[in-house]
1. Return the pairs, sorted by first residue and then second, in which the second residue is part of a strand (DSSP E or B) and surrounded by 15 or more Cβ atoms within 10 Å (Cβ to Cβ), the first residue lies in region 11-34 and is small (Gly, Ala, Ser), the beta carbons are less than 8 Å apart, and the residues are 6+ apart or on different chains.
2. Can you say whether Ile45 is free of Cβ contacts under 8 Å to residues at least 40 places away in the same chain and under 16 Å from Tyr81 (Cβ atoms), as far as the supplied structure shows?
3. Could you tell me how many of the residues in region 1-31 are over 13 Å from Glu47 (Cβ atoms) and either in a loop (DSSP other than H, G, I, E, B) or in contact with an Asp or Glu (Cβ under 8 Å, 6 or more places away or on another chain) (or both)?
4. From Leu53, Leu60, which residue is within 17 Å of Pro2 (Cα to Cα) and surrounded by 11 or more Cβ atoms within 10 Å (Cβ to Cβ)?
5. Hey, among the residues in region 1-29 that are buried (at least 18 other Cβ atoms within 10 Å of the Cβ) and not hydroxyl-bearing (Ser, Thr, Tyr), which one's nearest to Tyr81 (Cα to Cα)?
6. With Asn41, Asn67 as the choices, which residue is in a loop (DSSP other than H, G, I, E, B) and of a type in the set (S, T, N, Q)?
Amino acid sequence: MPLEISKKDNKFYLKGKINSETVPYFISFFDKIRSKQIIININNIKEIDKLGLLTIYNFLDKSHINNMLFSVEGYGCKEIYDYFQEMKIA
């Protein structure tokens, strides 16, 4: 299933998978956005592989450096943030 991205009320709703096949699209889509705030909703994401997690982590990290907000919301976001905390500790 490809990755679909739609926007509503200043949030981006993702549907499908964030994996090695869809990461290039994810990166090119969000690299073009010049907003100081990007919120992605992952309620309709069926799979995120390791490369997908690393890509989200890189966007979060880059947003802190550039004084931006890149936020993940929806089912599974707590597990993602917990995983990122483990990465920082290791």
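1. Between residues of region 11-34 that are small (Gly, Ala, Ser) and residues that are part of a strand (DSSP E or B) and surrounded by 15 or more Cβ atoms within 10 Å (Cβ to Cβ), the close pairs are Gly16/Ile45.
2. yes
3. Here the count works out to 3.
4. Leu53
5. The extreme case among them is Ile18.
6. Asn67
Every number in this text was worked out from the coordinates using simple rules, so none of it is lab data. Treat the numbers as computed from the prediction; the structure is a model and nothing was measured. Cβ: placed from backbone, ideal geometry, glycine included. Neighbour counts: every protein chain shown.
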